[in-house]
Amino acid sequence: MEKLFLIKYGELNTKKANIGLFLKTLQNNILNSLKDISVNVIFDKGRMYVKTSEDNFLNVKEKLQKVFGIHEIAIGYELENNSMELITDSLIELLKNKEFKTFKINTKRSDKNYFLTSPEVNQKLGGVVLKNIHDVKVDVNNPEVLINVEIRKTNAYIYFETIKGLGGYPTSTLGKGMLMLSGGIDSPVAGFLAMKRGVKLECIYFDSPPHTSVEAKNKVITLANIIGEYQGHIKIHVIPFTNLQETIYKEVPSEYMITIMRRMMYRISERLAHKNHCKIIINGESIGQVASQTLDSMSVINEVVKMPVIRPVACFDKLEIIDIAKKIKTYETSILPYQDCCTIFVPEHPVIYPTLDKCLEYEQNFDYESLINEAIKNEVIIKAQEKNDYSEYL
């Protein structure tokens, strides 16, 4: 017997003609996440198998739980053949070290020509367990030990322990997106949810020193590192936004400052997205959460771009977003008290029903195209998770 991880696909099984692409990408993503560990990863249409030494098992298990496209992870044992004699002997050997009073056998056959049906295998193995393990009984509803047996054409697998995976699609199978990453709670969660749907991320961060601090930028880099664990690394485009933001503060009525600022951010994000072969813009906007996220505001702001804008948390309430942030370990960083450029210069009464005519009128007050070009020209690119020292950028 050889101990290994069995990867179950879940939603990927719906990808009939294209399943090969999805599975190959999943294999590459697993290998990338385990690049510092000696492993062997092979797959067929039913399962993916990850083999490594016993010493690496805990580390591999933790990393597999951060790979999108995995429905379930089973820690099991591969048998050399699928004979009932070997399955029986192996099962009894594995159960000798387990303490339990009740059990259930669950058999699946990918080889439908096997000489026994799944219920017949269940019955036969159940009888063997009852005969060889004292003081145990069958419980089909709530067993202490669920014994899973998978019979394939040339061999068989036995496993007891299963771990829920992240699900979704392997990251990068659906292309790239540009995430508007702030230091808040919402945008990292939005990025996480986009990755779950197979989108590989690059990030854009709007830096406005001296109005925003070194700590605020460092917070964003930390957040990028955290969500970057789900795709290997993330590139951050740091855009110097000070001149543009100060000009808006001087030239635009206070109630429209946030609306105009967001329109400028969208313009820059779209241009950076095109430049870096991203197909969509992603952000953490949630309907009605702040003045710039009313339907009127979102419509007027969205008007400046043609590229699709995806808002994964648009219909989530704040508590739902916080719950996900805590699960993916971004929450504690997001609540650090360092303001980003979306929270400075906030007027007392921002407009919640802006009109496009007013936006166009106020944007004529300054040469925003030159300021946008200047900001893009002076971008700084950070590759998160590929450096340990970001001091040169801070």
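Observations, loosely collected:
- Using only Cα coordinates, the Kirkwood hydrodynamic radius of segment 2-164 works out to 16.8 Å.
- Taking 0.36 nm per residue of separation and subtracting the Cα-Cα distance, full extension of the segment from E2 to Q364 would add 123.3 nm.
- Label zone at I133 (point 7 Å along Cα-to-Cβ), backbone N below 19 Å, segment 65-96: 74-79, 84-96
- Once exposed loop GluC sites (Glu not before Pro) are cut out (DSSP; at most 12 other Cβ, 10 Å), longest piece of the chain: 100-347
- A simple rule links phi to the HN-Hα coupling: the Karplus curve 6.51 cos²θ - 1.76 cosθ + 1.60 with θ = phi - 60°, which for segment 133-150 gives 10, 6, 6, 10, 8, 7, 9, 7, 9, 9, x, 5, 10, 9, 9, 9, 10, 10 Hz, with x for Gly and Pro.
- Summed residue charge, Cβ within 13 Å of I324's Cβ, Lys/Arg positive, Asp/Glu negative: +1
- In segment 26-125, the chymotrypsin sites (Phe, Trp or Tyr not before Pro) that fall in loop regions by DSSP, at most 12 other Cβ within 10 Å: F115
- Distant alpha-carbon pairs in segment 213-362 (separation over 18 angstrom), percent: 64
- Scanning residues 5 or more positions from F206 or on other chains, those with amide H under 5 Å from its amide H are I239, with H placed 1.01 Å from N in the peptide plane.
- Volume per residue for segment 298-376 equals 179 cubic angstrom (convex hull of Cα atoms).
- Karplus-derived HN-Hα couplings along segment 306-311 (A = 6.51, B = -1.76, C = 1.60, θ = phi - 60°), whole Hz, x at Gly and Pro: 9, 5, x, 10, 9, 10
- Entries in K24/K318; K200/K318; K108/K327; K24/K164; K306/K377 that, when Cα-Cα distance is taken, lie over 27 Å: K24/K318; K108/K327
- Among V67, V140, V214: highest mean-square fluctuation, GNM of the chain, C-alpha pairs under 10 Å: V140
- Placing +1 on the Cβ of every Lys and Arg and -1 on the Cβ of every Asp and Glu, with no other charges, gives the chain a dipole of roughly 1560 debye about its Cα centre.
- Only Cα pairs under 8 Å and 6+ residues apart enter the sum, and on that basis the relative contact order of the chain stands at 17 percent.
- A simple count of charges around V300, restricted to other residues whose Cβ falls under 11 Å of its Cβ and scoring Lys, Arg +1 and Asp, Glu -1, yields 0.
- Among V305, V128, V313, residue whose mean-square fluctuation peaks in a GNM of the chain (springs only between Cα atoms under 10 Å): V128
- The chain - Kirkwood radius from inverse mean 1/r over Cα pairs (Å): 23.9
Read-outs throughout are calculated quantities, based only on the coordinates presented, and are distinct from any laboratory measurement. Keep in mind it's a predicted model, so treat the numbers as computed, not measured. Glycine also receives a Cβ, built like all others from the backbone with ideal geometry; neighbour counts cover every protein chain displayed.
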